[in-house]
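Heads up: the structure comes next, in structure tokens.
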Amino acid sequence: MIDLRRLSQDADYRHGAERKGATAENIDTLLAAESRRLETMQTAESLRAASNKASKEIGRANPEERADKIAAASELKQQLTQAESDLAAAEEEVKTLSLEVPNPAHESVPDGGEEDYRVEKTVGDKPAAPKFSHSELGEHLGIVDSERAVRMSGSRFAYVKGDAVRLQFALVQWAISKATAHGFIPVIPPVLVREEMMELAGFFPTDRNQVYELEQDELFLIGTAEVGLAGLHRQERLQLDELPLRYAGYSSCFRREAGTYGKDTAGLFRVHQFDKVELFSYTTAETSWDELELIRQLQEEIVGGLELPYQVITVASGDLGAAAAKKYDIEVWLPSEQRYRELTSCSNYTDYSARRMSTRVVGEDSTELAHTLNGTACAIGRTMLNIFENHQQEDGTVVVPEVLRPFCGLEVLSAVG
RNA sequence: GGAGAGGUGACAGAGCGGCCGAAUGUGCCUCCCUGCUAAGGAGGUGUGCCUCCGGGUACCGUGGGUUCAAAUCCCACCCUCUCCGCCA
């Protein structure tokens with residue numbers, strides 16, 4: 001949720017929201033609704049004050065005065081009921097309209113849409129197309145079996161087998177050890193959550209059709225560990241000296257991938273179920289921008305440590321999503337497609353998400369909303385497939401990155417069986 | 001899945017429909033006393049929102065209801081705990 005007071009008073013803030021697609025009309029309508037809400041709230045509260053006062057007098061009144069006083073209080077109560085329903089309507093309107101206004105973009109974010117990102121840096125050499133694409137390689141070695149998974153569960157599922165499993169666990173261990181070194185606390189969150197948590201974490205209603213629902217139990221399968229980490233300190237007041245609070249959540253993630261028919265159908269690139277280590281930080285307003293850089297740096301350490309060629313981009317304002325004020329993506333060169341594909345991303349949500357969650361920081365002499373950030377430490381499936389291609393030798397064998405060897409004891413991936 | 005108990009402030013734990021934002025105890029903060037510490041004494045100690053900065057208002061698991069008035073009565077839901085069953 002945006003800061004309505006600031007939206008009405010801070011021109012830069014307002015401009016940031018407009019850069020993300022909120023129209024002047026959206027904003028003015030919202031602000032008008034907000035001032036109506038404040039007005040009706042004041043009316044309702046003063047009526048309630050009068051009503052409370054009248055009620056208290058009844059308790060102290062003589063028996064013979066009671067009837068009159070009750071009648072008078074009853075009259076006030078009717079007015080109050082009306083005022084309260086006006087207020088509820090005004091609040092509803094503000095709530096609905098505020099969903100249309102995204103978290104303002106940071107000044108360093110370029111204008112434009114999906115294509116208008118800014119490349120911040122490029123690292124590593126881009127290999128030529130490999131002998132096997134990642135999906136061919138998986139089938140070739142028998143370590144990713146999509147064909148049988150179709151029988152089991154349908155398209156966009158896979159059996160991961162043999163050395164791919166060992167590689168997966170090595171990646172998890174490696175990523176978590178890197179994150180831990182930066183103070184991130186490892187967490188395994190629940191993968192099934194209530195509807196309310198999906199809303200509070202900002203995934204509902206927007207991404208509702210991307211989420212699996214277990215109707216019988218009214219629970220939802222998370223699409224990322226971010227859900228559990230964002231909700232960890234809901235309605236809590238964090239102490240300034242315990243910040244930043246950093247978490248690295250490891251979980252399976254489930255996505256329906258609605259509306260992606262025909263895209264990336266082969267291999268592990270886009271599947272309904274995958275594992276991921278997700279970073280999440282709670283900070284103050286003063287430190288969140290530094291924290292974003294820290295997360296990005298950690299992500300680069302991970303991707304770079306795996307010796308994958310990548311570029312870092314700053315996502316343009318129109319492609320940010322509602323919550324992010326700024327977002328970096330790390331895109332890895334995928335040799336079979338001869339282009340960069342997204343592997344990780346990290347965002348500063350500033351206070352937008354914390355406002356909805358009511359996560360606050362108690363300072364020296366004031367309490368303010370926390371700033372939250374999140375980022376991918378390692379999307380296992382996608383990282384593996386990037387290794388399959390970028391570390392593939394001319395003969396089609398795949399060399400395991402140095403840093404993972406202590407964790408899996410493999411130098412080269414072998415075929416199953 | 002079956003049976004029962006319960007959800008009140010940092011914690012423990014009271015609370016007749018009005019004088020309850022809520023006793024009391026512990027903890028915490030300030031001060032006094034005191035070689036130090038402990039003990040003892042005095043005062044203070046929740047959060048959100050609105051504000052003409054005087055205040056006002058809301059919150060006792062959540063949401064409804066009854067009433068002039070609800071922590072207190074009614075309904076539904078959620079959660080926790082105990083026992084039994086099942087189980088990685």
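Values in this text are rule-based calculations from the coordinates and carry no lab data. Values in this document were obtained by computation on a predicted structure and should not be read as measured data. Neighbour counts are summed over all protein chains in view; Cβ atoms, including those assigned to glycine, are modelled from backbone coordinates with ideal geometry.
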Long-range HN-HN contacts of A:Lys20 with modeled amide H, under 5 Å: A:Ala105
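Which order do A:Asp86, A:Asp163 fall in if you start with the one that has the fewest other Cβ atoms within 10 Å? It would help to have the intermediate numbers written out before the result.
Details: A:Asp86 17, A:Asp163 21.
By the 10 Å Cβ count, ascending, the order reads A:Asp86, A:Asp163.
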Direction-averaged shadow area of the convex hull around the Cα atoms of chain A, nm²? 25.5
Would you mind checking A:Lys126/A:Lys263; A:Lys131/A:Lys161; A:Lys161/A:Lys263; A:Lys126/A:Lys327; A:Lys121/A:Lys161 for any pair whose Cα atoms are more than 27 angstrom apart? A:Lys121/A:Lys161
If you place +1 on the Cβ of every Lys and Arg, -1 on the Cβ of every Asp and Glu, and leave all else neutral, what size is the dipole of the range A:4-98 about its Cα centre, to the nearest 20 Debye? 320
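Placing unit charges on C-beta atoms (Lys and Arg positive, Asp and Glu negative, everything else neutral), compute the dipole magnitude of chain A about its Cα centre in debye, rounded to 20. Display every interim value, and only then the final one.
Details: 45 positive and 69 negative charges, 155 e Å.
I would put it at about 740 debye.
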If you average the sequence gap of Cα pairs under 8 Å that are 6 or more apart and divide by the length of the range A:87-164, what percent do you get for the contact order? 16
Any lysines with Cα under 25 Å of the A:Lys95 Cα? List them, leaving off those in the same chain fewer than 8 positions away. A:Lys20, A:Lys326
Which of A:Gly59, A:Ala24, A:Thr81, positive extreme of dipole for the range A:4-98 (C-beta unit charges): A:Gly59
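Summing Lys, Arg as +1 and Asp, Glu as -1, what charge do residues with Cβ under 13 Å from the Cβ of A:Asp275 carry, A:Asp275 excluded?
Numbers: positive: A:Arg255, A:Lys276, A:Arg382; negative: A:Glu278.
Net local charge, A:Asp275 excluded: +2.
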Most exposed first by the Cβ proxy, i.e. fewest other Cβ within 10 Å, how do A:Tyr282, A:Tyr261 rank? A:Tyr261, A:Tyr282
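Which whole-number percent of Cα pairs in the range A:1-126 have a distance greater than 26 Å? Could you put the intermediate results ahead of the total?
Details: 3952 of 7875 pairs.
Result: 50 percent of Cα pairs exceed 26 Å.
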What value, in deg cm²/dmol to 500, does the helix sum -39500 (n - 2.57) over DSSP H runs of n ≥ 4 give at 222 nm once divided by the residues of chain A? -13000 deg cm²/dmol
Kyte-Doolittle mean at least 0.0 and Cα extent at least 20 Å along the axis: which DSSP H helices of chain A qualify? A:163-181
Tell me, A:Met197, A:Met384 in order of fewest to most beta-carbon neighbours within 10 Å? A:Met197, A:Met384
Search the structure for amide H atoms under 5 Å from the amide H of A:Tyr159, placed 1.01 Å from N in the peptide plane, and list their residues when 5 or more places away or on another chain. A:Asp145, A:Ser146, A:Ala149
